[in-house]
Amino acid sequence: SFKEVSDFFMAEMTQDSHKITQDTRYNKLIYILQNLTISLDDLLFRYFMEESIQQSKQHSELGFLTFTAFLTKQKDKTILKVTVVRCSALPIMDTMGKCDTVVKVTVQPRQTSHFSHLKIRSTEPVFNDLDPVFNQEFEFSFFTDVHDLEDGACLQFTVWDKDRLSADDFIGETLCDLNSIPFDAPKEFKEHLALPNLKSLSYDVIEHRCPYEKTAQKFIKERSKLINETGEEFVHQRRSSSAFNLIAINFQDIKERMKQWYQRRVRASSVTDR
């Protein structure tokens, strides 16, 4: 940081400051210094606002999630009712099958005082299906009026391929701005699944706060589970490439052919022993 600042003032002396201000390192430094001064709650809301914008620009092949949601008031509480309807066009995740899908739902940012009491809810798994139907309902309640929340408050869905013998595989997520959810009447949404942004500056700022803020540590620990899942380029390529899907489909074809061969063999053995 000191080097970037000193380089800037040296450039000022040589009338070359424009070149420095166009440097990505300088702009990153300015962003970090500006955001280190705001509260962690505000920073978390800013992170999810930026993440939502970034994901809306992605054109991934990770599939879609359909859900309905609406808000209602109950005395001094706001009730958020969500129905996870279905996923569609999911990538093949298993070489010997399709996808064993689980959808997890919560409200973000969970580490703020507004939503810290909320838990992550999960659907029952649907096995071996690239277009799983869930129709499962969830309810979240909080004491803050939606209109009083910072930009960035959102409903988060993460989609996973369930593994029996190892950790579940992350497929993708979608974020829905709470301000886009109507009151009293459910609205249906169909959103594409996206990957977390690996180059978020606000994420870097929160990570810098970990040594002296436990809330930042909790956020980084939870969020890094998703980011670590997408940290290697080949993971994304595997999920979205037609080559991987073709291999998996071929495995399915081989299984079906073996099954047919076995049935013919059983029928033949009843006539003659070969």
For GLY63, enumerate residues with amide H under 5 Å from its amide H, sequence gap 5+ or separate chain, H modeled in the peptide plane. LEU193
Whenever you get a sec, line up THR95, THR101, THR68 from highest to lowest accessible area (probe 1.4 Å, protein heavy atoms). THR95, THR68, THR101
Accessible-area order for MET49, MET10, largest to smallest, probe 1.4 angstrom, reads MET10, MET49
On the protein heavy atoms, probe 1.4 angstrom, tell me the percent of accessible surface of the stretch 57-177 carried by carbon and sulfur. 46 percent
I'd like to compare 128-137, 73-82: which one has the highest average count of other Cβ atoms within 10 Å, and what's the full order after that? 128-137, 73-82
Efficiency by 1/(1 + (r/R0)^6): what FRET value for ASP94 and LYS190, r their Cβ-Cβ distance, R0 = 22 Å, to the nearest 0.05? 0.35
Relative to the compact globular guide of 2.2 N^0.38 Å, what is the alpha carbon radius of gyration of the stretch 123-179, as a ratio? 1.48
Taking the square root of 5λ for each eigenvalue of the C-alpha gyration tensor of the stretch 153-230, the equivalent ellipsoid has semi-axes, largest first and in whole angstrom, of 25, 20, 11
Express in Å², to the nearest 10, the accessible area of HIS117 obtained by rolling a 1.4 Å probe over the protein heavy atoms while all chains stay in place. 90 Å²
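The values are calculated or read from the model by the stated rules, or taken from the named source; none is laboratory data. This structure is a prediction, so every number in the text was calculated from the model and none was measured. Backbone-built Cβ (ideal geometry, glycine too); neighbour counts: all protein chains shown. The accessibility values were calculated without ligands, DNA or RNA, using every heavy atom of the protein model including side chains. Shrake-Rupley method; radii C 1.70, N 1.55, O 1.52, S 1.80 Å.
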